[in-house]
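J.: Here you go, one structure.
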Amino acid sequence: MSYKIVVDSCGEFTKEMKTNSHFHHVPLTLHIEEEEILDDASFNQKEFIEKMAGSKECPKSSCPSPKAYMEAYEGEEERVYGVTLSSQLSGSYNSAQLGKDLLEEKEKQKKVHIFDSCSASCGQTQIALKILECEEAGLPFLEVVKEVEEYISQMGTYFVLESLENLRKNGRLTGIKAFVATAMNIKPIMAATDIGEITQLGQARGMEKALKKMIEIIGEKHKNTKEKRLAISYCNCKERAQWVKNQFLQSMELKDVIMLDTGGISTLYANDGGIIVAL
């Protein structure tokens with residue numbers, strides 16, 4: 001028996017995941033002025049950051065079609081797991097579900113489950129790796145679903161960005177007051193709620209203080225981290241991400257830490273210098 005893990009392209013893959021045949025990406029599309037850019041292996045982060053900096057228009061994104069998902073699910077694998085962006089932030093989850101419905105009309109014997117990550121970026125990576133762990137442990141399909149849904153309910157996703165403008169202009173900060181403190185260099189500490197909406201947990205002056213405060217908040221919320229894996233996604237700021245990793249390792253015990261450079265969708269929303277963590 002075999003399986004496939006299908007992740008929309010907001011979820012970054014480690015080098016090992018990229019060479020593991022169980023993992024498959026379904027690309028979203030980036031829109032900047034009149035140009036459409038597919039968020040796949042051809043995505044050039046540096047060029048896209050430069051285009052965003054030089055554009056008078058806010059870049060946007062669109063999710064994969066149900067047909068694209070259906071085609072990603074097809075194949076000889078008997079079990080398929082989908083992992084999408086939070087349904088509160090994107091239409092990707094609904095599209096993935098419609099793709100599942102289309103597939104089941106043709107292949108009724110295939111087992112398919114779509115996970116709403118209630119997260120994004122490295123949060124999706126964490127979920128995909130959890131699915132792999134459950135499958136490799138030999139758990140039956142329904143047990144995998146149960147274990148992973150429980151994992152999602154306990155996982156936290158947090159981020160500190162240089163700018164929230166792309167999130168705000170694309171309507172991803174619903175219910176959060178417009179943040180105007182650029183002149184004072186105030187950086188908000190943001191997180192995903194239990195249902196995958198974005199909320200603000202605090203703020204600090206400057207990135208370093210904000211990141212330290214984020215780490216303190218995470219330490220207060222998450223206990224018994226010795227057997228947990230931390231994921232850090234960073235947008236064009238590897239040294240900053242390494243500093244964040246070191247700060248975490250000084251403050252808590254962790255099973256593992258993985259670091260990922262952002263793909264297209266995460267680059268659009270995290271923007272140059274952004275840090276996202278999932279635990």
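J.: I'm trying to understand the selection: among the residues of the range 102-117, which are in a helix (DSSP H, G or I) and touching a residue at least 24 places away in the same chain (Cβ under 8 Å)?
T.: L102, L103
J.: Turning to a different aspect of this structure: Answer yes or no: is there a residue in the range 118-141 that is of a type outside the set (F, W, Y), assigned to a loop (DSSP other than H, G, I, E, B), in contact (Cβ under 8 Å) with a residue 60 or more places away in the chain and over 27 Å from T29 (Cβ atoms).
T.: No; the residues of the range 118-141 include none that is of a type outside the set (F, W, Y), assigned to a loop (DSSP other than H, G, I, E, B), in contact (Cβ under 8 Å) with a residue 60 or more places away in the chain and over 27 Å from T29 (Cβ atoms).
J.: Take the residues in the range 18-28 that are out of contact with any helix residue (DSSP H, G or I) (no Cβ under 7 Å at 6 or more places or on another chain) and farther than 15 Å from Y93 by Cα; name whichever of them is surrounded by the most Cβ atoms within 10 Å (Cβ to Cβ).
T.: Filtering first and then ranking leaves N20.
J.: If I filter the range 109-128 for residues that are surrounded by fewer than 17 Cβ atoms within 10 Å (Cβ to Cβ) and either under 18 Å from V257 (Cα atoms) or at pLDDT below 95 (or both), do I get at least one hit?
T.: Among the residues of the range 109-128, at least one is surrounded by fewer than 17 Cβ atoms within 10 Å (Cβ to Cβ) and either under 18 Å from V257 (Cα atoms) or at pLDDT below 95 (or both), which makes the answer yes.
J.: Can you name the number of the only condition in (1) open to solvent by less than 70 Å² (accessible area, probe 1.4 Å); (2) more than 29 Å from S87 (Cβ to Cβ); (3) at pLDDT 95 or above that K212 fails?
T.: Looking at each condition in turn, K212 falls short on (1).
J.: Output the residue which, of all residues in the range 142-160 that are touching a residue at least 24 places away in the same chain (Cβ under 8 Å) and in contact with a Leu (Cβ under 8 Å, 6 or more places away or on another chain), is surrounded by the fewest Cβ atoms within 10 Å (Cβ to Cβ). First the steps, then the outcome.
T.: We begin by selecting, within the range 142-160, every residue touching a residue at least 24 places away in the same chain (Cβ under 8 Å); these are 144-145, 148-149, 151-153, 155-160.
Now drop any that are not in contact with a Leu (Cβ under 8 Å, 6 or more places away or on another chain), which leaves 155-156, 158, 160.
Values: M155: 20, G156: 16, Y158: 21, V160: 27.
Selected residue: G156.
J.: Being out of contact with any strand residue (DSSP E or B) (no Cβ under 7 Å at 6 or more places or on another chain) and surrounded by 18 or more Cβ atoms within 10 Å (Cβ to Cβ) is the filter here; which residues of the range 238-255 pass it?
T.: Answer for the range 238-255, where residues must be out of contact with any strand residue (DSSP E or B) (no Cβ under 7 Å at 6 or more places or on another chain) and surrounded by 18 or more Cβ atoms within 10 Å (Cβ to Cβ): just M252.
J.: Within the range 78-89, which residues are surrounded by fewer than 24 Cβ atoms within 10 Å (Cβ to Cβ) and under 21 Å from L167 (Cβ atoms)?
T.: S87, Q88
J.: OK, next. Give the number of residues within the range 29-43 that are open to solvent by 60 Å² or more (accessible area, probe 1.4 Å), closer than 18 Å to T125 by Cα and of a type outside the set (A, V, I, L, M, F, W, C).
T.: We begin by selecting, within the range 29-43, every residue open to solvent by 60 Å² or more (accessible area, probe 1.4 Å); these are 33-36, 38, 40-42.
Narrowing further to those that are closer than 18 Å to T125 by Cα: 40-41.
Subset that is of a type outside the set (A, V, I, L, M, F, W, C): 40.
Selection size over the range 29-43: 1.
J.: Just checking, which of I189, I218, I232, I195 is assigned to a loop (DSSP other than H, G, I, E, B) and among the aliphatic types (A, V, I, L, M)?
T.: Criteria check complete, one pass: I195.
J.: Let me ask another. Please state which one of I265, I258 is modelled with pLDDT of 95 or more, crowded, with 18+ Cβ neighbours inside 10 Å, among the aliphatic types (A, V, I, L, M) and not in a strand (DSSP E or B).
T.: Answer to the selection: I265.
The values are calculated or read from the model by the stated rules, or taken from the named source; none is laboratory data. For clarity, every value in this text was computed on a predicted model and none was experimentally measured. As a convention, Cβ positions derive from the backbone with ideal geometry for all residues, glycine included, and neighbour counts pool all protein chains shown. Ligands, DNA and RNA are excluded from the accessible area calculation, which covers all protein heavy atoms including side chains. Shrake-Rupley method; radii C 1.70, N 1.55, O 1.52, S 1.80 Å.
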